[in-house]
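The values are calculated or read from the model by the stated rules, or taken from the named source; none is laboratory data. What you see is a predicted model, and the numbers here were worked out from it, not measured in a lab. For neighbour counting, all protein chains shown are included, and Cβ atoms are generated from backbone atoms with ideal geometry for every residue, glycine included.
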Amino acid sequence: PETRVASIVASLTKPEWVVNVKETGMILLVDYSDIKNLKTTTIESAKFLHDGGWDASGRYFMVAANASNKVAAVDTKTGKLAALVDTAKIPHPGRGANFVHPQFGPVWSTGHLGDAVVSLISTPSDDAKFPSKGANWKVVQELKMPGAGNL
């Protein structure tokens, strides 16, 4: 079957691309520090990866797996999957949005094509103001919207 690259983003901290291969659910971390000898790390996640964006720290890349109703969080520091978060139907974030929730601290948010909510996912923080975040990598709140759809 044909596979397609859904998105490519550059790391904010090192010479590396995060490549999302849509149909396979594979996330590739491509080290391009030696452009003639690329090093690739393959991370399994969930099928039908789409687009996404960075958490507020710039360490984690959050990518929607539309058909699986999940968001994959890739730890670009360790080169591993940090979490696979269950969400409402058909997450479709664009790049998503980061903000500090009054109860849960830093969150990353996504709208959905198939559900009338915006899901807020708690993300890790090294900030002393948020010392214990047992809710990390969970949907901590769903904001109801007047209708489904998000472009």
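Residues being at pLDDT 95 or above and more than 15 Å from ILE27 (Cα to Cα) are entirely absent from the range 71-83. Considering the range 7-25, and only residues there that are more than 21 Å from SER57 (Cβ to Cβ) and over 13 Å from the mean Cα position of the chain (by Cα), the residue that is surrounded by the most Cβ atoms within 10 Å (Cβ to Cβ) turns out to be LYS22.
Taking the criterion of being part of a strand (DSSP E or B), surrounded by 15 or more Cβ atoms within 10 Å (Cβ to Cβ) and aliphatic (A, V, I, L, M), the only residue of the range 98-114 that qualifies is VAL107.
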